[in-house]
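What follows draws every value from the coordinates through simple rules; no lab data is involved. Keep in mind that this is a model prediction, so the values were computed, not measured. We place every Cβ from the backbone using ideal geometry, glycine too, and count neighbours over all the protein chains shown.
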Amino acid sequence: MDFRLDIIVEYVPFFLKGTLLTIGLSIAGILIGTVLGLIIGLGKMTKNKPISLFFNCYIIFFRGTPLFVQLLLVHFGVVPMLIGHTNGIVASIIALSLIAGAYIAEIFRAGIQSIDKGQMEAARSLGMNHVQAMKDVILPQAFKRMIPPLGNEFIVLVKESSLAAIVATPELMYYGRALANTYYRVWEPYLTAALIYLVLTTTLSFLLNRLERRLATE
């Protein structure tokens with residue numbers, strides 16, 4: 001197999017630029033998705049049936065349809081309605097945030113429901129209202145239990161961000177495809193991209209494991 005390192009070296013600045021955007025998209029998606037997930041998870045658990053049904057339908061839709069389809073709908077449908085034209089970066093952030101929100105909502109729901117109901121009752125007996133009890137008593141305990149699945153979702157989001165290339169978002173896979181189309185080569189661009197993704201996900205897994213162990217000792 002003829003493996004050309006020279007074209008990889010030529011594209012190093014582009015791979016670096018794409019990697020930074022991949023990280024940025026993933027961070028934006030997980031941060032916005034976490035806020036959405038908390039709102040959706042609490043909404044699903046509410047006793048108000050119309051609200052609970054709405055958020056449950058949201059979760060079913062975004063967990064039951066491919067990100068590829070969601071990304072195209074957002075890019076060609078939602079974003080032009082919002083800003084008047086298509087924009088790959090905006091579409092990617094929105095799509096990643098929406099799907100992350102659906103999965104993180106279930107993580108929050110499971111984490112909150114794993115806390116003994118007596119904790120809420122004890123907090124309410126001390127004079128706290130429901131919101132205060134949730135913020136100061138339930139969520140801090142649940143958060144420790146949610147670290148592993150939240151970390152896994154972040155890792156999944158890093159890999160799923162590669163689909164942003166289909167809407168011309170200049171992230172890592174965008175430049176991998178550009179190199180492949182320019183030189184009609186397969187091994188060099190895609191192996192390089194795969195190695196970079198591997199480094200990102202392995203590093204993230206290591207950091208999350210350290211965080212999990214640190215929280216476990218507190």
Exposure proxy ranking, count of Cβ atoms within 10 Å, fewest first, for Leu215, Leu179: Leu215, Leu179
Restraint check, Lys47/Lys159; Lys17/Lys144; Lys49/Lys144, Cα-Cα greater than 32 Å: Lys47/Lys159; Lys17/Lys144
Restricting region 163-212 to chymotrypsin sites (Phe, Trp or Tyr not before Pro) in coil, as DSSP defines it, with at most 16 other Cβ within 10 Å: Tyr184
Protection-proxy order for peptides 114-122, 132-140, 158-166, each taking the mean of Cβ atoms within 10 Å per residue, highest first: 158-166, 132-140, 114-122
Summed side-chain charge close to Gly41 - residues other than Gly41 whose Cβ falls under 15 Å, Lys, Arg +1, Asp, Glu -1: +4
Summed residue charge, Cβ within 12 Å of Glu160's Cβ, Lys/Arg positive, Asp/Glu negative: -1
Chain lengthening between Phe68 and Asn152 when straightened (0.36 nm per residue, less Cα-Cα): 28.3 nm
Helix runs (DSSP H) in the chain reaching 24 Å along axis by Cα, Kyte-Doolittle at least 0.5: 12-45, 88-113, 187-217
Spatial separation of Cα centroids for region 28-80 and region 197-214, in angstrom: 26
Environment charge at Ile93 (Cβ cut-off 15 Å; Lys +1, Arg +1, Asp -1, Glu -1): -2
